[in-house]
Every structure is written in C-alpha cells, then in structure tokens.
Amino acid sequence: MRPAPVTDETATGYYGNPVLKAPVWKPVIALYFFTGGVAGASSTLGFAALLAGNRRLARSALLASAAGIAVSGPLLVVDLGRPARFLNMLRVAKPTSPMSVGSWILSAFAPASMLAAGSAVTGRLPRTGRVAAGAAGVLGPAVATYTAVLVADTAIPAWHDAHRELPYLFAASAAASAAGTALALTPVPDAGPARRLAVMGAALELAAFRAMERRLGEVAGPYKEGRAGTLARAAEACTAAGAALGLVAGRRRPVAVAAGALLCAGSLITRHSVFRAGFESAADPAATIGPQRSRRAAG
Amino acid sequence: MGSNMAECHPVGFQWVMEAKARGARVIHVDPRFTRTSALADTFVALRAGSDIAFLGAIVNHILTTGREFREYVAAYTNASAIISEDYEDTEDLDGLFSGWDPETQTYDPTSWQYAGMPAAPSAGTKESSPQGEAHGYGSKLEGAEPPATDPTLEHPRCVFQILKRHFARYTPELVEEVCGVPKARFLEVAEALCDNSNRERTSAICYAVGWTQHTVGVQYIRTAAIIQLLLGNMGRPGGGILALRGHASIQGSTDIPTLYNILPGYMPMPHAARHGTLDDYIAANTAPAGFWGHADAYFISLLKAWWGDAATADNDYCYDYLPFITGDHSSYRTIVDMADGKVPGFFVLGQNPAVGSANGKLHRAALAELEWLVVRDLVEIETATFWKDGPEIDTGELRTADIGTEVFFLPAAAHTEKDGSFTQTQRMLQWHHKAVEPEGDCRSELWFYWHLGRIIREKLAGSTDARDRPVLDLAWDYPLLGQTGEPDAEAVLREINGVGPDGRTVGGYTELKADGSTACGCWIYSGCYADEVNQPARRKPASEQDRVALEWGWAWPANRRILYNRASADPSGRPWSERKRLVWWDGDAQRWTGHDVPDFVIDKPPDYEPPEGAEAEHALRGDEPFIMQTDGKGWLFVPSGLVDGPLPTHYEPHESPFSNPLYAQQANPARQTYRRRDNRYNNGNGAVDYPFVMTTYRLTEHHTAGGMSRFLARLSELQPEMFCEVSPALAAERGLVNGGWATITSARSAIEARVLVTERVKPLRVQGRDLHQVGLPYHWGWKGLSTGDAANDLFPLALDPNVHIQEVKAATCDIAPGRRARA
Amino acid sequence: MTRMGFFTDTSICIGCKACEVACKEWNDVPDDGLNFLGTSYDNTGALGADTWRHVAFVERPRGGSAPPSSPPVNGQDAGSSPAADALDTGSAGVRWLMSSDVCKHCTHAACLDVCPTGALFRTEFDTVVVQQDVCNGCGYCVPACPFGVIDKRESDGRVWKCTLCYDRLKSDMTPACAKACPTQSIQFGPLDELRDRAAGRLGVLREAGVSEAHLYGADDNDGVGGFGAFFLLLDAPEVYGLPPDPVVTTRDLPRMWRAAAGAALALVGAVAAACARPR
Ligand SMILES: Nc1nc2c(c(=O)[nH]1)N[C@H]1C(S)=C(S)[C@@H](COP(=O)(O)OP(=O)(O)OC[C@H]3O[C@@H](n4cnc5c(=O)[nH]c(N)nc54)[C@H](O)[C@@H]3O)O[C@H]1N2
Ligand SMILES: Nc1nc2c(c(=O)[nH]1)N[C@H]1C(S)=C(S)[C@@H](COP(=O)(O)OP(=O)(O)OC[C@H]3O[C@@H](n4cnc5c(=O)[nH]c(N)nc54)[C@H](O)[C@@H]3O)O[C@H]1N2
Ligand code: SF4
Ligand code: SF4
Ligand code: SF4
Ligand code: SF4
Ligand code: SF4
Ligand SMILES: [Mo]
C-alpha cells in the first residue's frame, strides 16, 4: 500500500504550506504558563516552609502562589474572549484532555491557594489555612506541570515530540521562578531554602532544555534558531545568571532581589520560547513531513 | 478539441469519465493543458488557430491509408457526386476557391454546385447577401439527387477525388510546422481515431467555442464533419460531433432564436429584396426533397401561432406583418453602427457586452452614443454602469457629463424564480419549476415582454394606422398567474408545440398543415406538449428505463436522441454491428424500430425508390439517412450554404505572427472585418510588435462576463482576480514573476493581470521557432467582488463570415511585467 | 449505527470545486477571503474554519513516481507513449493532480480527545462534530489535529470544520459536497462498503499500470486508527499537503502524564530537599 518514494522537492509538501494549523492561543497563554508555574511551585514551597516552621518564607511563597493564580484566571479569560466560556470547561471531566484536567485542578487549587495566602497574611483561621495550604501544596506540582502535557498533547512536532522532557522543563522552570519570587520577597535569613531551590530548579531547567533539544533531533530547529531560539538563549542566560547570583551573593538583599528577578525572567522567557517554538514548528511543513516520512520509511 | 469540457461542462463531463472508466480513450487537443487535459489519456498541445491543418491532416491520413468506412461513405455521403467543371480549388488558386470577387470580397458559389444542377437562389448564393444574413438551414439544392455521380469514386471531379487533392498537402510534417504538434504525436491521434472507427466502434468529437470563435470557425466544424462522415461516425451511437453549447439554454436560443436572421425552427428571416410575398418566401425555402419540403406548413403554422385568427389565407397569414431584413443586422454590425450614432435605442437582456464582447472599448463608446439603453439583469453589471465607472471614465476618455444615454436598469428574475424550459446541448428540453418568488421588482422576461406588449397595445388601441396592425393583431392572450400577473409559461410551451383544428395539441410536426388549420410556434419543438402533457417536465429516473432514457425530458425533433440515426443501420436496414445497433428495419412489421425514435419515415422500406414527382421526404430513397438534406446525403463537400468555400482550408487567424505556409492567401478571404480607428488590427508586421499568440477561455469558477459569478463571494474567492497564464520560459524571457503583475498589449488596448507561471503552458515549435502563447480568462470586469481588466478589451472585431462570430481564440499580443499605465 | 464516511477518489476529480461551493452553500460558511495565491488554480490554500472542503491543485513534473513504461491509463497523466513524449515539445512533462480534502473523521480523533468541553463529540454515524453551542473557543483542538483541519473563526471565536453534514445525515440525505460532485470523486456511504469499493478501484488502476495509486487512511492500524474519510491518491500524501504518517497525539498521553507525574514528584522532592533544615 505504500507509494513509491518521492523526490525531495516534496519535503515541503504543498506549496510550502503548513500541514498543521498553528495554535490559536494568544501570547498571554505563555504568560499564563509562567504565572501558573509560579503559583504551583510557590504553593508547594509555601507548604513545605510551613511544615518546616519557616513562617516568613511560607508567607511570601503562599502570597506569590495566590498572586500567580489570581493573574492566571484573567489571562485564560482574555484568551477565551468571554468569562462565561471558562465555565464550559467544567461541563465535563475528560482525562484525555489535559485542558479539562487542568481546569479541574485549577478549580480546586485556586481557592485553596487563596485561602492559604489569606490566612497566612491575616493570621486568621490558622487551621483552615493550614489545610488549604496543604491542599494547594499538593496540587501545586500538578498546576506547574500539566501545562507541559497541555502543549505536548498536540500534533506540533516541537511540542509533541518533547513530551518526555517538557514536564521536567516546566516543573524546573516553575521551581526556579517560585524560588526567585521567594528570594525577592523573603528576608535574607529566612530565604535559605529558596536559594537552594533556585539552584536546583535552574540546573534542572537548563538540563531539561538540553535533553529536550537532543531528543527532538531534526525538529529541534525552532529552539535553536529564529525568535524562539533567541528567546531560549536569553532564557538560559537569565536563569544561569540568576542561579549563580543567588548562590554567590544571595545573602545581600538587593542582590537576592536581582537574582530572583533574573530567575523569573528566565522562566518567563523559557515559556515564551517553548510557546513560540510551537508556532514555528507548526508553520514548517518539513518539520511535520520529515520525521513522518522517516518513520514510514523505517516501516 | 476546442473545448475544455471538464471546466466548462463539468456535469456533462461525468459521462466522459464514466466512458473512460469503461475503457474509452480520451484525447484532448488544446493550446493549454487544462483540467480536461489532466483527465485525458492523451493531451496534444497545438497552436491556437491552427486546427484545420490538424484536422485536414487527419482527413488526408484517412484517405491515404484507406481508412474510410467505404460502404458508409459510398452510400450515405455525397462522395460520389460530380462537381461542376467550373470548380477550382484552393490548391489551384493559391488559397482561393473559384468564384472570388475581389471587388466585393465575396464568393459567387455557383461553380461549387453539383455538375448539372442549377444553383439554388437561396442561402449563400450570389444573389443572396454575401454574408449569410438569410441563412436558415442553408443547404437547399434546386434538385434532389446529384445529377451525375460515380459510385466507384474514381471520377476526377467527384467529391471523393476533390477531397483527396484538396488535403494532399496536409501531412504530418505540415502539422508539425503549422500547429507545433510533433509528427509522432499527430499520428498517434490520427491512428487512434481510425482504429476506433468502424462497424464495431465509433468515435465522437466534442467541440465548443475553442473552435467556433475564429474567422474560420464554421470551417473548423466542417472539417470535423468530413472526418466523421469518412469514418462512419454520424448517426450512430457513440459517434457524432457534439457541440457543447454555452449558457444553460443557448441551444434553445438558436432553436427559438434571439438571432436577427432566423425565425423559430431555423427558418430564414424574410429578406426585403427577395421575399416580397408569402409565395416568394415559400418558393425560396421549400426544398424539393427531404423534410424541408414542408417549409410552407411550418411557416404558415408559425404565422397562425403569432397572429391567430387575424392570420387568414386572404391576408397571406399576415406575412407582411413580419419584419424584413435588408442586410447584416448582427450584433457586431449593430454595435459599429451604434458607435457611428446610427442606433438610438438598445435592449440588453441577459448579456453584458461591455465586458463579454470583443473590443470592449468600442462597445462602451457605442453605448455612450445611444439615446436610451435598457438593461435587465440579476445584478448591476458593467453594461449598465459604463457611463459612471467604466475604464474610460477613469482615464478621462469619456466624461459622464458628456454621455447622453438614458439608462434604464430593470431587475430580472433568475431561473429559480420562474417556470420555464432549458434546451441543452443534446437538444433536450427540460422544464424547471419556480422554486421561490422573485424578490421586489424582479420579473421574468416573459412578464416583461408580455406586459410591455400589453401596454403598447393599450396605447395603440383604436388606432387605424396600418403600421400598428401587426401589434394590435397579435394573439396576446396567455393566462396570467399570481399577484404579479405572470404569464403562464406552460401556455407558451403549448403554443410552441402547436394545436390542430380541434384546438388540441398536435403530436408532432408531421401533423402541421399549410392551410391555416394548425398553429405552431416552432415546428421542430412540435410534440413537446403532445397529448396535452408537458413532455420536458418528465423526470423518470434512468434506473427505471433503458439506456436511451426516452422518458427523461424531451429532445427535438420528435424526442429523438440521436439525429440521422437511420445511419446506424446499413443501406439494407440491418445494424452495422450488433454492438452498435440503435435503429433498424423490422421486415416483419415493415417498420423502423430500435432503442431510439427512428429519424426516418417510419414505414419507408430500405429499398424504397421515390416515384416520379415525389415531394419532400417522399422524394428521398429508403437508404438516404440525412433527411433534412435535399439529397439525403451527408455532405463532404458543401455545394451550397457556406459563404467562404465548399471545403475547409487552413488560413491563419486574422492576426498571426506567422505567414500561411500553404497559400499566398494568408487569412480567410471572406472574413468580416471593420477597418476603423477604434478597431485597429495588427496584420501588417505580425511578429514584430506583438510576437505572442493570446487566447481567451473560461474557468469553472466563473461564468462568462461575470454577472453571475463575480458578484458572489463563494465563487469569487475561488478565482479572485484576473490573471494570465504563461510558461516558465516566457516568464524568464520577459521577467514575469508568479503572483506578480503583467501588462498585456494588443493593437487595441492594454490590460493588466496577475501572473500565473505554469508548466501547463509550453512554448511550441512553429515554423522553426519557439512560439509563446498567453492564456487569458475573459471573465473579469470592474464591478462585483472580484474585479480585473477585461480580456476582451484586447481583441478586435474580426468575424467568421457565415455566423458573424468574433475571433477571440487567437490574436497577437505582447506582454511585459508590471501594471498598466493609468491616466 | 453503521459508520458513515467518504471515499474521495482523486483519480477522477476534475477540480471543479463544486464540493467547496456546495459545502459553503449548505452550511452557510462565509468566504475565506479573496486572495490570489499564485498556487495553480488553488486560491483557498487549505482547510480552515471557513473552508471545510478544499481542492488541492498540484502541478508536478511527469514521470515522478510512475515508471516510464506504464501505459497512459493514469487519468491525470499528460503524456501517453514514451516515444511520443521524447519528441514532444508541447505536452510532455506535466501532470495536474486535483484532490478534494476534508476532515478525516478519524477513528481516534485528537481534536475530540483533547476538547475540554465536550463540544466535539462522536455522532451516531461515527463522525466527529463540533457542537457550536458548547464550544468555548479554547482552541485546543486546533493544534491537536494532525491534519490541520479544524480552525478558529476569528469573527466568532469558536472553531469550525466539516460536520459530515450531520443535519443531512439525520434526514437520510447525502452530504452536500458528495451530492454536488459531478464525477463521483466524492463517494459517501457506509465505511466498510466504501473500503471494499476503494480496494476494487485500486485494483483496477493498478492493473492498468497506475502503480503510484494508493489508498490513504483506509488502514485501521495507522496512527489514527483509520479515517472515516479516506482517499485514493496518485502521489505521496505530502504532495497534496497531507501528513505521510499521522498519529493521534493522545496515543502518547499516558506517557505524558507519567512524565508529568515524575516531574511533579521531582518538584516536590526538590522543594523538600531545599526546605530540609541545613545541618
Ligand atoms: N464554468 C463555466 N462553464 C461554462 C461557461 C463559463 O463561463 N463558465 N460558459 C458557457 C458558455 S457560454 C460556453 S459557449 C461554453 C464554452 O465552453 P468551451 O468552449 O469549452 O470554453 P472556452 O474555455 O472558451 O474554450 C475552450 C478551450 O478552447 C481552447 N482553445 C483556444 N483556442 C483554440 C484553438 O484554436 N484550437 C483549439 N483546439 N482549442 C482552442 C482554450 O484553451 C480552451 O481550453 O462553456 C459554457 N460553460
Ligand atoms: N474573449 C472572449 N469573449 C467571449 C467569449 C470567449 O470565449 N472569449 N465567449 C463568448 C460567448 S460563447 C458568450 S456566450 C458570451 C457571453 O457573454 P455575455 O452574454 O455578454 O455575458 P454573460 O455574463 O453570460 O451575461 C449574461 C447576463 O445575464 C444575466 N442573467 C442571468 N439570468 C438572467 C435572466 O433570467 N434574465 C435576465 N434578464 N438576465 C439574466 C446574468 O446576470 C449576466 O449578467 O461571451 C462571448 N465573449
Ligand atoms: S452550471 Fe449548470 S449547465 Fe453548467 S455544467 Fe453546471 S449544471 Fe450543467
Ligand atoms: S481530521 Fe482532525 S479535525 Fe478531523 S476528526 Fe481527525 S483530528 Fe479531528
Ligand atoms: S475550541 Fe471548542 S471544540 Fe475545540 S477544544 Fe475547545 S471547546 Fe472543544
Ligand atoms: S460533509 Fe458537509 S460539512 Fe463536510 S465537507 Fe461535505 S458538505 Fe461540507
Ligand atoms: S466536486 Fe468532485 S470533481 Fe469537483 S473538485 Fe470536488 S471532488 Fe473534485
Ligand atoms: Mo457561449
């Protein structure tokens, strides 16, 4: 049933038109990946700090979590166009749809995170606050990583084919950004865990990105060249600088703030890079055709 | 050939695809590789305007290899007829036939006559106007059988031998030189056609306006007719020459004509100089043999249909109420007169000449000379608005304030909004029922003309002026339906069918009488309302009847699906082959029978010999199938009826970058031209200023001058802009870029178009050099959703002399990158 | 109910675009912009929210994948005898392939799988349809489709694609595009019947020497579990803008969730490690 091999001019398909449709998501979605990551990882950090008795750190992390999630909602609505449209998400629960799963996670996470932050800031309802912080802390990693599945679960080669590494990249990036936020918001003496998390997150983020590029092989192009590639390099630089700064001079408050900002910038730019790379990958017919052709040829 | 069937007749083309699936071989010959070519088994690219050389070479190939269907040719064609001694061929006179009068630029066809037969004082004779105004069926002879024949086909002056000599120089080499078709490819086509044409097999030739729109258009089709007669492909299933016609009912508009020179059923329009009285008319148009022998019955029944009780034997059935023609009043002639200020008013219905007719600029200038103009259309087309937004207004050549034309735009109802019939390519009438009421003021043509007539009659009521009688005496009495007073279209169909003395519909034209007892609006349509039943409205599915499907619609004449089908049987009345049987003689029943309605006198035996003094159909023998011809034969050689020669001859198009390699005579000598400032020609230095050949055509996505497609988003988006098709070689030579702009210029004008560079258009090697052709769809104008320059602005008025059709399939042009200059 | 679908036989497509127009007329799909694309006779470009049937026009050099000795039975073959081609300046060297593309109504439909609202659903005819009153325009289905079929209509924020004329099917009518197709290039019917017919047609073409003819999407074992609307093609799928080996993205979803779980645990681990009291 297989057609005879084709000549190479057909590698770009039909007049060089994309085979796939580019996502219709607006750039606010990349921003949402970031804020969601901050929120998710922060809540875990906050809960861990609570457990560890580090109230200052817990407070700033829970606050960051609540702020992150508070921004996320409107970002999603901006993309959908109308607030009511978000409610349609909750008509059904579909495990095959990462967006559905994500919506339910968010729906549980957001109130918990808010409650935890509210309690931590006001000091009221401490017990409820603790339970809420626990819930948010447990859901946090899911909030931080489901977005990776969300993009991976598409036909776009630069996303789909990275499905093994993307969750790690997103988790690490979330950790780095959460740590960065905490670094900036927490007095130096209490920010030790944040500094350590920053280094771990950043290292993992850089490693995951490399691993992803390697696996993608011929479809890694967008991460290396073009706008997404430039963003990726910038993200790397920010993340590495932020981690180094935090490690070396994180005990000076202004430096800690700067390190935190760099880490957050690195994370944000990473998400934008991944986001853009998806568009570029979708637009390139060769990225779709090439690997499929090799796959078919291999049997 | 000369048809892009897949694109222009997609629904009909499904049957070609079905035939192909069953093993038929499809060959497409066209200047461009089109969607039809894509589905054909074989595609041959030829130079636009060179088909007679190609087809003539097929004739020559048949004759030199002895591939003609001998028995068929000998029995059913005029191959054996001996032609007048005075006849001289284009081979003798370097491109002219005998009878050429350089003074009047016309032929006297007397010398083309059968030896021993007096020339008919009818169509195509010297006495008749040179440009065929009175043509109807156009093939009348003074006698029936040719007086002298040679059944052995050896006589040097017999048609068969003349044919051989005439086409002897039409060789594969000539095809290569003239058409740009390699010898081998030509031979492949010629052989395929011959191999597939015999007792067991038949071949059909389809053509459309790729053949007709030339200064030799009629002769293109004549060449095909010669091929099909030689190969025995006429009157047989799977054979024939299929004219793929245009607008949904363009066939209907020649049957019941919108033409100036014929009356319903192809009866000539009376000519003022020759047909002064009814008797003159009948005498001139009644043939001694064949069914034209009853022209009197058809004609008088027509007059009865129109003037009803007012038409009596005493007043010659109101014969003198008819308009009489005095010369050429064809569309283009009228436009030229209009441009000269000789035409005060103009009705335009279902036409968009400002875009769709050759030399658009001349047309728009002519419209600006009118006192009044009525345009009835579905949308506000260019013809209705040329005075305010035409290209000449843009450039300042015309100023709205200077145009005195009073324009009336009236909205028309579309076919979905009215009852009526279409007559399609197969001569089949199909009834369509109104689906929705027309909106607002939109009305049908029937409504418009009937009420216009009513109002005029009301205004003239009581007049005693004799010149008002033709209008006042009309039988203007259809029942009116509904709120809008829509005349009943079925009543019109019934009138067309005709009624007998008892007031009931007649069963067919054989029942028509010349004594005023029958009335019939169009004799060839007689039978379409037989038994008081609307026959075209029949829609019995194919699955419920045999493959000829006689109960689907109704085809004229007499619901026959294949004309001259007597030829599907041999002279003795037996089918040529079992495989190809259609109609045959049933000796037991003493009748013709078969799958189709026999196109013959039903009980005339194959061995019938006309008795002395027999008339009309009775004057034809039992083995003469072409019953509308005076001699019952298929004409290889046309002794009467054509104004530009009895045999097709290769002439170059009016504008050509090449000289005619066969004759000193470059183009058709009888072609109709208008040498004027506003209709410049490039035939002085052909190849220099305008080195390329341009040709125009249609796209599936649009319809003709665009009124029905450019105003619709869902069609416009499919072909959104005017473009030209050029080969990569020409693009490279002239710096044209795919998707960019080009300006195409001719001796008339310049237009711009987007560029589509395509491998489907290739340069051809003609007379030793590479020729580039430029393809131009002609659908665009400046109005609607999808706009662009009109290709017709580039083309001149240069017409076929028989039918006055414009040559828009081949002319010369130049092309350069970039947009055209604006004022 | 039996699964209904399309068999689009591109070997008899004449590129008339009646299918495109009929689809728009019946489904009231707006025009897709009046743009001259310069890509042969295709000015629509691709399937999208406002184009549910799209006719591709491919001008390809002749020869390509066809062995030069094959007889000219391939409908879309410009030349016939190789000998003549060698001599020919006018006709050789080009084939014009036309193919009407549509939503594949995949057995495993990624669009449907990923839709978070349930707007995309599988009908009783086993077709994949968007419920316009449920769709919230999240756009997730758009990049999920391995064929680039479904897309968002900017003017109303929801996604649109071929419904396989769900309304017509419910009234026992043939889809508008198939009904309008003059050559029966688009054949509608029960999928298994169509597959039989397609296999027969392929056999005929192969026998006639059209070695490059092949079916696309008629195999249950392919990456999307077979198409509800499959094709007979005369060249490689990518030539028509179709993916050569499409896979439903959700096939890898379990692996994705596992990776996410791993990543989430890693995150927890890292946080825990970071918060553990330093010695
Ligand atoms: N979609 C669509 N269908 C239509 C119409 C429409 O506008 N749009 N119009 C209808 C009408 S009114 C008509 S009359 C018919 C016309 O139907 P066609 O005659 O098929 O239409 P055209 O495209 O004008 O010309 C046919 C072909 O003739 C070729 N040609 C040009 N010059 C020559 C030549 O010298 N020799 C040969 N052999 N070929 C030549 C052209 O390249 C073109 O491919 O179509 C009808 N059908
Ligand atoms: N260069 C070039 N020129 C050509 C040709 C070519 O091949 N090349 N082809 C020629 C041929 S074959 C033809 S047929 C002509 C066609 O040329 P035209 O007849 O001038 O153009 P159409 O666009 O067909 O015009 C028909 C008009 O009738 C309107 N209409 C439709 N239905 C109705 C109705 O029921 N009532 C009324 N009143 N109006 C209605 C439509 O909206 C449309 O505007 O073009 C000719 N010109
Ligand atoms: S437009 Fe009408 S007449 Fe022309 S091919 Fe289509 S169905 Fe036939
Ligand atoms: S082709 Fe795309 S849109 Fe259609 S069913 Fe398959 S995945 Fe969904
Ligand atoms: S855009 Fe509509 S159909 Fe597509 S996934 Fe979202 S809700 Fe479902
Ligand atoms: S099945 Fe209906 S909706 Fe789908 S392409 Fe055909 S006409 Fe359009
Ligand atoms: S309607 Fe049929 S023949 Fe025409 S383009 Fe569509 S699939 Fe091809
Ligand atoms: Mo026409």
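The values are calculated or read from the model by the stated rules, or taken from the named source; none is laboratory data. The shown structure was predicted, so the numbers you read here are calculated from the model rather than taken from an experiment. FYI the Cβ positions are ideal-geometry reconstructions off the backbone, even for glycines, and counts take in every protein chain you see.
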Can you tell me which residue among B:Ala542, B:Ala537 is at pLDDT below 95 and aliphatic (A, V, I, L, M)?
B:Ala542
So which of C:Pro244, C:Pro237 ends up being crowded, with 24+ Cβ neighbours inside 10 Å and either touching a helix residue (DSSP H, G or I) at 6+ places or on another chain (Cβ under 8 Å) or at the interface with chain A (Cβ under 7 Å from one of its Cβ atoms) (or both)?
C:Pro244
Specify the residue that is nearest to B:Thr416 (Cα to Cα); the eligible residues are those in region B:483-535 that are in a helix (DSSP H, G or I) and of a type in the set (A, V, I, L, M, F, W, C).
B:Ala489
Step by step: first the residues of region B:769-794, then only those that are hydroxyl-bearing (Ser, Thr, Tyr) and within 16 Å of ligand 1 (Cβ to nearest atom), then the one that is farthest from the other protein chains (Cβ to nearest Cβ). Which residue is that?
B:Tyr778
Take the residues in region C:115-124 that are more than 9 Å from ligand 4 (Cβ to nearest atom) and buried (at least 21 other Cβ atoms within 10 Å of the Cβ), then tell me which one is farthest from C:Leu253 (Cα to Cα).
C:Ala119
Of those in region C:147-198 that are assigned to a loop (DSSP other than H, G, I, E, B), of a type in the set (A, V, I, L, M, F, W, C) and away from ligand 3 (no atom under 16 Å from the Cβ), the residue surrounded by the fewest Cβ atoms within 10 Å (Cβ to Cβ) is C:Met173
Name, by its number, the condition in (1) touching a residue at least 40 places away in the same chain (Cβ under 8 Å); (2) buried (at least 23 other Cβ atoms within 10 Å of the Cβ) that does not hold for B:Ser526.
(1)
Only one of B:Arg769, B:Arg754, B:Arg765, B:Arg748 is without any contact (Cβ under 8 Å) to a residue 24 or more places away in the chain, assigned by TED's automatic domain parsing to the domain that holds B:Arg676 and of a type outside the set (Asp, Glu); which?
B:Arg769
Selection status of A:Gly81, at pLDDT below 95 and either touching an Asp or Glu at 6+ places or on another chain (Cβ under 6 Å) or not aliphatic (A, V, I, L, M) (or both)
yes
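Condition check ((1) in contact with a His (Cβ under 7 Å, 6 or more places away or on another chain); (2) closer than 20 Å to B:Trp211 by Cβ; (3) crowded, with 20+ Cβ neighbours inside 10 Å) across all residues:
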{"position": "B:Leu662", "(1), (2), (3)": "yes, yes, yes"}
{"position": "B:Gln672", "(1), (2), (3)": "yes, yes, yes"}
{"position": "B:Pro691", "(1), (2), (3)": "no, no, no"}
{"position": "B:His702", "(1), (2), (3)": "yes, no, yes"}
{"position": "B:Phe711", "(1), (2), (3)": "no, no, no"}
{"position": "B:Arg714", "(1), (2), (3)": "no, no, yes"}
{"position": "B:Leu718", "(1), (2), (3)": "no, no, yes"}
{"position": "B:Phe723", "(1), (2), (3)": "no, no, yes"}
{"position": "B:Leu730", "(1), (2), (3)": "yes, no, yes"}
For residues in region C:206-226 being modelled with pLDDT of 95 or more and aliphatic (A, V, I, L, M), which is farthest from C:Thr10 (Cα to Cα)?
C:Val224
If a residue counts only when it is of a type in the set (Ser, Thr, Tyr) and crowded, with 17+ Cβ neighbours inside 10 Å, which helices (runs of 4 or more DSSP H) contained entirely in region A:1-117 have at least 1 such residues?
A:28-52, A:55-80
Working only within region C:165-176, note down all residues that are closer than 20 Å to C:Pro30 by Cβ and within 20 Å of the chain's Cα centre (by Cα).
C:Cys165, C:Tyr166, C:Pro175, C:Ala176
Could you run through region B:462-495 and say how many residues are without any contact (Cβ under 8 Å) to a residue 40 or more places away in the chain and of a type in the set (A, V, I, L, M)?
6
Does A:Ala249 qualify as being surrounded by 14 or more Cβ atoms within 10 Å (Cβ to Cβ) and of a type in the set (A, V, I, L, M, F, W, C)?
no
When you look at B:Gly238, is it over 30 Å from B:Cys520 (Cα atoms), surrounded by fewer than 20 Cβ atoms within 10 Å (Cβ to Cβ) and not polar (S, T, N, Q), yes or no?
yes
Hey, any hits in region C:209-219 for a residue that's under 23 Å from A:Ile156 (Cβ atoms), in contact with a His (Cβ under 8 Å, 6 or more places away or on another chain) and either touching a residue at least 12 places away in the same chain (Cβ under 8 Å) or within 16 Å of ligand 2 (Cβ to nearest atom) (or both)?
no
Somewhere in region B:670-692, is a residue within 30 Å of C:Ser100 (Cα to Cα) and within 16 Å of ligand 1 (Cβ to nearest atom)?
no
Residues (in contact with a Pro (Cβ under 7 Å, 6 or more places away or on another chain) and not in a loop (DSSP other than H, G, I, E, B)) located in region B:769-790
B:Asp770, B:Leu771, B:Gln773
Which one is surrounded by the most Cβ atoms within 10 Å (Cβ to Cβ) among residues in region C:251-261 that are facing chain A (nearest Cβ under 7 Å) and of a type outside the set (Asp, Glu)?
C:Ala260
Does B:Arg67 count as assigned to a loop (DSSP other than H, G, I, E, B) and at the interface with chain C (Cβ under 9 Å from one of its Cβ atoms)?
no
Mind checking which residues of region B:716-741 are touching a residue at least 40 places away in the same chain (Cβ under 8 Å) and more than 17 Å from B:His779 (Cα to Cα)?
B:Val726, B:Ser727, B:Ala729, B:Leu730, B:Arg734, B:Gly735, B:Leu736, B:Val737, B:Gly740, B:Trp741
Okay, strands (runs of 3 or more DSSP E) sitting entirely in region B:659-768 with 1 or more residues that are more than 14 Å from every other protein chain (Cβ to nearest Cβ), I get B:692-697, B:741-745, B:750-757
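Results for (1) more than 27 Å from A:Pro254 (Cα to Cα); (2) facing another protein chain (nearest Cβ under 9 Å), shown as yes or no for each residue.
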| site | (1), (2) |
| --- | --- |
| A:Val121 | no, no |
| A:Thr145 | yes, yes |
| A:Leu169 | yes, yes |
| A:Ala194 | no, yes |
| A:Glu205 | no, no |
Out of the residues in region C:131-145 that are of a type outside the set (Phe, Trp, Tyr) and crowded, with 24+ Cβ neighbours inside 10 Å, state the one that is farthest from ligand 1 (Cβ to nearest atom).
C:Cys138
Among what's in region B:2-25 and is surrounded by fewer than 21 Cβ atoms within 10 Å (Cβ to Cβ) and in a loop (DSSP other than H, G, I, E, B), pick the residue that is nearest to ligand 4 (Cβ to nearest atom).
B:Arg22
Cross-chain or 6+ apart pairs with Cβ under 7 Å, region C:1-26 first and closer than 16 Å to C:Thr183 by Cβ, then part of a loop (DSSP other than H, G, I, E, B) and of a type in the set (Val, Ile, Thr)
C:Ile12/C:Thr183; C:Cys13/C:Thr183; C:Ile14/C:Thr183; C:Cys16/B:Thr700; C:Lys17/B:Thr700; C:Glu20/C:Thr44
